[in-house]
Ligand code: PEP
Ligand code: MN
């Protein structure tokens, strides 16, 4: 249930509504907007009469949300969520799509990372990505440099001004990763690690939530809900491909339809990751362009200074010259997208 308070509602009036619903066992999430306060009450709606809540002083309207993902749902919040960073970068709504680029893993060669970051900056990208804690299918593969990698990312940020996005895999590491990163990433394999979702829900940084390889869109949005109902409403969704029957030509199947579907049912920003979505370098550019035209608020792309010798995911990483070449065309395309009408300008 969403309770919209009048712009001039007092703190006491808000507290009366909040306390009344809390007594009935509802979990309350308060959203103090610029103009008005919105109270999200999550619980058994049979225990309360919406008309009675609507009659409280200072209440403008009461709305029942049918979807199970109450806070992530467009039913509860019509306007797009736009996440703004201290340096002015914004993600979501009709803002220009953002680019998150960098190697799959942060490796020992700091200069390699820096070269990628400098190229990303030069091409107008906003974020540097790179794994410090790596979720690897095999325990014998490179597992990540952990805190050393976080330090490298922080130095690269200092030198380029790019924001840093990096994955956290364990609740115990959330404080450390949150300290270094501008965006904390939850990887596909942890999309339903509920303790981890709760931990990042309590952290102070925006969260990039990647879709699980076998997760439905409903499960994806409910995973976002876990983060949001723990207090962190700054969630960026990422479509990164799902398992399908044919993995002959691609690693995963990038579900492009998920982008407009999520935009219809949720107000959260959604980006696409055509590197993990396809697993093939040559498919990155066509899928990146398709995702942008489908309405993606950004892209995550793996770029490595020496893809042939990368510690992970070299086959789905662009080299620096390949990235620059592609990015010129992507920037041009971004300039031509008419988001209001979901098409290219003439
Ligand atoms: C990553 O982005 O580094 C990653 C491991 O991706 P995913 O969780 O989508 O597999
Ligand atoms: Mn990777």
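The values are calculated or read from the model by the stated rules, or taken from the named source; none is laboratory data. All values derive from a computational prediction rather than experimental measurement. Quick reminder, even Gly has a Cβ in these numbers, built from the backbone with ideal geometry, and neighbours come from all protein chains shown.
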Exactly one of these conditions fails for residue 198: (1) closer than 17 Å to residue 232 by Cβ; (2) assigned to a helix (DSSP H, G or I); (3) touching a strand residue (DSSP E or B) at 6+ places or on another chain (Cβ under 9 Å). Give me its number. (3)
Matching option when the condition is in contact (Cβ under 8 Å) with a residue 40 or more places away in the chain, away from ligand 2 (no atom under 16 Å from the Cβ) and not in a loop (DSSP other than H, G, I, E, B), among 46, 60: 60
Does at least one position in segment 85-97 carry a residue that is assigned by TED's automatic domain parsing to the domain that holds residue 310 and touching a helix residue (DSSP H, G or I) at 6+ places or on another chain (Cβ under 8 Å)? yes
Can you name every residue in segment 128-155 that is buried (at least 17 other Cβ atoms within 10 Å of the Cβ), closer than 16 Å to residue 189 by Cβ and in contact (Cβ under 8 Å) with a residue 40 or more places away in the chain? 131, 132, 133, 134
Residue under question is residue 329, and the condition is that it be more than 16 Å from ligand 1 (Cβ to nearest atom), touching a strand residue (DSSP E or B) at 6+ places or on another chain (Cβ under 7 Å) and over 22 Å from residue 185 (Cα atoms); does it hold? no
Residue pairs, Cβ under 8 Å, 6 or more apart or interchain, first in segment 293-318 and outside the structural domain of residue 209 (by TED's automatic domain parsing), second within 14 Å of ligand 2 (Cβ to nearest atom) and in a strand (DSSP E or B). List them. none
